[in-house]
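The values are calculated or read from the model by the stated rules, or taken from the named source; none is laboratory data. Bear in mind the structure is a predicted one, so any value in this text is a computation, not a measurement. We place every Cβ from the backbone using ideal geometry, glycine too, and count neighbours over all the protein chains shown.
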Amino acid sequence: MEAKFFSNYPTIRVKQDGVSKVITNLSRYVRSSNDLLLNLYEYYDYTITGDERPDQVAFTEYGDTKFYWIVLVTNNIRNIWTGWPLGQQAFDSFIINKYDSVATAQSGVYRYLAKQDIYKAENIGSSLSELIIATDEPLDATTISDYSLVADTDYEITSNYQREIDLNQAKRSIKLVRKDRLRDLQTELKTLFGS
């Protein structure tokens, strides 16, 4: 991907060590409003597949890779390394760097979730049971132990690996502006950037 994204940012003159330089003003950022896009530019849902990059999405949907910066800005992605989904090879590397191995991530518990309402044992003579945890609420190991809860019946386990998969998958759903409104949006964003 060509590094032209920052060409849409304004420049500023700075002086460092007695040398004056013109640099890109990275502190300038436009956060788009999805409501604004929906009302003015009419966007549609798009699902990123595999190792697809922003420039590839721009080419596929808009016919030109130069619109990749609009794909990023309209989805409020400031950092492509953390805001864009990873392909399988990059995802595996990420898992190994974070958890030392895929197996460690798969065996590590991110959280426990109640699969059903969990009630405190009834007191003798009482007809009402006290709700302790509602369905889909997180549980801790102490509650599981204290109430002798059973995995896959009373609660489900989400591994660290599954959590990372879920987070990565959530990044695959983005919004794209309709192609016939692209030039108008480009002009407006450049105005907002001050370039």
Exercise for the section: Could you tell me whether the stretch 126-138 includes any residue that is within 31 Å of the chain's Cα centre (by Cα), closer than 28 Å to Ile96 by Cβ, assigned by TED's automatic domain parsing to the domain that holds Ile95 and at pLDDT below 95? Expected result: yes
Problem - Per-region count, the stretch 135-187, residues over 22 Å from Arg53 (Cα atoms) and either assigned to a loop (DSSP other than H, G, I, E, B) or of a type in the set (Ser, Thr, Tyr) (or both) - result: 19
Practice task
Could you look through the stretch 76-103, keep only residues that are without any contact (Cβ under 8 Å) to a residue 12 or more places away in the chain, in a helix (DSSP H, G or I) and not aromatic (Phe, Trp, Tyr), and pick out the one that is nearest to Thr47 (Cα to Cα)?
Solution key: Thr82
Problem - Test: residue in the stretch 19-35 that is among the hydrophobic types (A, V, I, L, M, F, W, C), at pLDDT below 80 and assigned to a loop (DSSP other than H, G, I, E, B) - result: yes
Practice task
Among the numbered conditions (1) closer than 30 Å to Val57 by Cβ; (2) surrounded by 16 or more Cβ atoms within 10 Å (Cβ to Cβ), tell me where Lys98 comes up short.
Solution key: (2)
